[in-house]
Number of protein chains: 2
Amino acid sequence: MKLDDLVYRTSEWLKGQGPSSEIVMSSRVRLARNIDGMTFSHRASREKQAEVVSLVHSAVESSKFLRNSSFFDLSELGPLDCQFLRERHLISHELAESKGVRAVVVSDNEIVSIMINEEDHLRLQAIESGLQLMAAWRLIDGIESELDTQLRFAFSKEWGYLTACPTNAGTGMRASVMLHLPSLVLTKQISKVLQAITKLGLVARGLYGEGTEPLGNYFQISNQVTLGQAEEEIIDNIERVIKQIIGHEENARKILLSKGRRQLLEDKVFRAYGILKNVRIIDSSETVNLLSALRLGVDLGLTEDISRQAINELLIITQPAHLQKLQGRALSPAQRDVKRAELIRERLEKSK
Amino acid sequence: MKLDDLVYRTSEWLKGQGPSSEIVMSSRVRLARNIDGMTFSHRASREKQAEVVSLVHSAVESSKFLRNSSFFDLSELGPLDCQFLRERHLISHELAESKGVRAVVVSDNEIVSIMINEEDHLRLQAIESGLQLMAAWRLIDGIESELDTQLRFAFSKEWGYLTACPTNAGTGMRASVMLHLPSLVLTKQISKVLQAITKLGLVARGLYGEGTEPLGNYFQISNQVTLGQAEEEIIDNIERVIKQIIGHEENARKILLSKGRRQLLEDKVFRAYGILKNVRIIDSSETVNLLSALRLGVDLGLTEDISRQAINELLIITQPAHLQKLQGRALSPAQRDVKRAELIRERLEKSK
């Protein structure tokens, strides 16, 4: 598969299906791994970095799990293509921006991706639609085991998997769930919920992970600690907390649908829909916020004109690099705001 | 005609026709007259006020011009009905609120109305659609002459027609034009234009006359001075100035339609349209402002889905008293915001 083939495809995890998908957008598990005996990526020479890329590439090529995967050498890609991969949540901001020899392996349906020479030699991730952390864990664990037979990952009996940053040592695992919590935001309960999360050893971030602001009522919740607990224990713990948050969001949705408030909610949802169907110029953050309101309307059955998948797709393809890839040329921010509006109108018209 | 019959009718001057109707909503001429030998309304006893009402009523009944007119005794109407008449621009705020014996005569098509015992014994007005000040003047002048033969209006050779307030003496005439000037507002030229108007002896007010703020980019421009000039001179002067303002607004519209700005304008127009078609809760001033943006889109040919008349009608029927008359019952402000939204959606759906 060529990179450009991705432009017209929908990542499997955007399908808007799976358990609790009216609140949970996606579940992601990522593992940090390093090859035994090789210098950590950030201290390695370009030659050593290239050797890591090459070792992983070979291991992937003989993998059963990753048979239909694609390999992208980021040194050969321009900044637009790197941003494009990042917008699809296939690579991190750090990998996109770094100057080293680096690459990414992407599975056919984009559920699995493996970053090579990010902070660690390997960052393996699996993303599933809806609340499916355990499934994501089992998938990525299987792939990790298969690769381990060839790559031999650095492991200490005392510390577990060794990682470039000690905060990742032990399991090397970060499990995270992307939640859409508009009703907790609207009923002003969100800060109480986020405070409680922190006390439980979890951390909440925005749509694009570490350092990003919550946008469009999306919150990514993940484990803080990677050491001292087994993977499945960590996942059980997160899933238990997530289910509580889902319960809170469901209650808040009931409040918003109650007699005295329903019209306010409908007003918010349909104004957003009306703007999106008619807009001529729109920036990214307004897009995310209006799509969030529309998604809430779809999830509550206020409108059946549009599917959750169509909204998820819009969330991805209205981003700057995606817009430029779809147009096949570089666009200034002002041009993007116009093309973004066109694309939204077109998709909402089509999905009716 | 009963008052309630008006609810489902469109006033003739709202048809959105006539010269320059893409900028001029309506032209109005009103004359202040008092019956010779009778005390001015505000100093008269209730008996004397009743006598004035009765005299005018009789004169109207034998009038050829006002053959099909209706007579409404405001003492018999509740505050909702008074507000309803005011919202249709048939009576003033002062007449609606006053406690005296008072009435209004309304012609069949609502082009002519005569307030009895407002500030003066009679306030006769004619409103026409578009820029038709001279036509409005000729119409109201004819009616005035006809009534004069029966009522004998107070007139002094030195001061002209005598009025309760000296600022109206002389001709007793106020000629005003309601202009829709969104492009002068958007291009920030409006304050310069309004300043120039003042220097020319004219005055600019908002949608509901004296003391009201400009809302929805509507400006009512009228003569300040009533004394020392013949009526047709005053009207010629206003029409000349109005034509200049129309020229400025037309130029500003061309600027907004120019290559670099057109999309911004379309965005404004279609966002307004999208919100109006989908809104569930909306107050009066947002309604007026969004309808103003939509009207500009219609006037510039950006959309042909809706007529200028439909927008003018919405401007009138979304007002509080109209909403309540249409529903046939009293509504709280919150209920009105919901009914207003319903009515707007229904009308925009129908007019497609």
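The number of residues in region B:173-196 that are part of a strand (DSSP E or B) and within 19 Å of B:Ile235 (Cα to Cα) comes to 7. Being at pLDDT 95 or above and under 23 Å from B:Phe40 (Cα atoms) is not true of B:Arg138. Within region A:136-154, the residues that satisfy the criterion of being open to solvent by 40 Å² or more (accessible area, probe 1.4 Å) and part of a helix (DSSP H, G or I) are A:Arg138, A:Leu139, A:Asp141, A:Ser145, A:Glu146, A:Asp148, A:Thr149, A:Gln150. The conditions of being more than 14 Å from every other protein chain (Cβ to nearest Cβ), more than 26 Å from A:Met178 (Cα to Cα) and either open to solvent by 40 Å² or more (accessible area, probe 1.4 Å) or over 19 Å from the mean Cα position of the chain (by Cα) (or both) are not met by A:Ser307. In region B:17-37, is there at least one residue being under 24 Å from the mean Cα position of the chain (by Cα), in a loop (DSSP other than H, G, I, E, B), within 22 Å of B:Leu323 (Cα to Cα) and modelled with pLDDT under 95? Looking through region B:17-37, none of the residues is under 24 Å from the mean Cα position of the chain (by Cα), in a loop (DSSP other than H, G, I, E, B), within 22 Å of B:Leu323 (Cα to Cα) and modelled with pLDDT under 95.
Of everything in region B:3-43, what is touching a residue at least 12 places away in the same chain (Cβ under 8 Å), within 18 Å of B:Ile116 (Cα to Cα) and open to solvent by 70 Å² or more (accessible area, probe 1.4 Å)? Give them in sequence order. Residues satisfying the conditions are B:Asp36, B:Gly37, B:His42. Among the residues of region B:311-352, just one is among the small types (Gly, Ala, Ser), within 24 Å of B:Leu90 (Cα to Cα), touching a residue at least 12 places away in the same chain (Cβ under 8 Å) and open to solvent by 20 Å² or more (accessible area, probe 1.4 Å), namely B:Ala330. Got a number for residues in region A:273-287 being facing another protein chain (nearest Cβ under 8 Å), in a helix (DSSP H, G or I) and not aliphatic (A, V, I, L, M)? The total comes to 4.
Of all residue pairs spaced 6 or more apart or on separate chains, none has beta-carbon atoms under 7 Å together with a first member in region B:268-297 that is more than 20 Å from B:Phe219 (Cα to Cα) and a second member that is among the charged types (D, E, K, R) and modelled with pLDDT under 95.
When B:Leu331, B:Leu296, B:Leu290, B:Leu323 are screened for being farther than 22 Å from A:Ala341 by Cα, more than 10 Å from chain A (Cβ to nearest Cβ), of a type in the set (A, V, I, L, M, F, W, C) and outside any loop (DSSP other than H, G, I, E, B), only B:Leu323 passes.
Within region B:231-267, which residues are assigned to a helix (DSSP H, G or I), within 14 Å of chain A (Cβ to nearest Cβ), without any contact (Cβ under 8 Å) to a residue 12 or more places away in the chain and open to solvent by 50 Å² or more (accessible area, probe 1.4 Å)? Matches in region B:231-267: B:Arg262, B:Gln263, B:Leu264. Here the helices (runs of 4 or more DSSP H) wholly within region B:44-130 that include at least 2 residues being open to solvent by less than 10 Å² (accessible area, probe 1.4 Å) and closer than 18 Å to B:Val7 by Cα are B:79-87. Please verify whether B:Ser332 is over 28 Å from B:Leu77 (Cα atoms) and of a type in the set (Gly, Ala, Ser), treating the condition exactly as stated. When the stated conditions are applied, B:Ser332 does not pass them. Scanning for something within 14 Å of another protein chain (Cβ to nearest Cβ), open to solvent by 40 Å² or more (accessible area, probe 1.4 Å) and either closer than 24 Å to B:Ser284 by Cα or part of a loop (DSSP other than H, G, I, E, B) (or both), does region B:214-226 turn up at least one residue? So far as region B:214-226 goes, no, none of its residues is within 14 Å of another protein chain (Cβ to nearest Cβ), open to solvent by 40 Å² or more (accessible area, probe 1.4 Å) and either closer than 24 Å to B:Ser284 by Cα or part of a loop (DSSP other than H, G, I, E, B) (or both). Within region A:155-172, is there a residue that is assigned to a strand (DSSP E or B), in contact with an Asp or Glu (Cβ under 9 Å, 6 or more places away or on another chain) and open to solvent by less than 10 Å² (accessible area, probe 1.4 Å)? Within region A:155-172, not a single residue is assigned to a strand (DSSP E or B), in contact with an Asp or Glu (Cβ under 9 Å, 6 or more places away or on another chain) and open to solvent by less than 10 Å² (accessible area, probe 1.4 Å).
The values are calculated or read from the model by the stated rules, or taken from the named source; none is laboratory data. Here the structure is a predicted model, which is why all the values come from computation and not from measurement. Backbone-built Cβ (ideal geometry, glycine too); neighbour counts: all protein chains shown. Note: accessible area is taken over every heavy atom of the protein model, side chains too, but ligands, DNA and RNA are not part of it. Shrake-Rupley method; radii C 1.70, N 1.55, O 1.52, S 1.80 Å.
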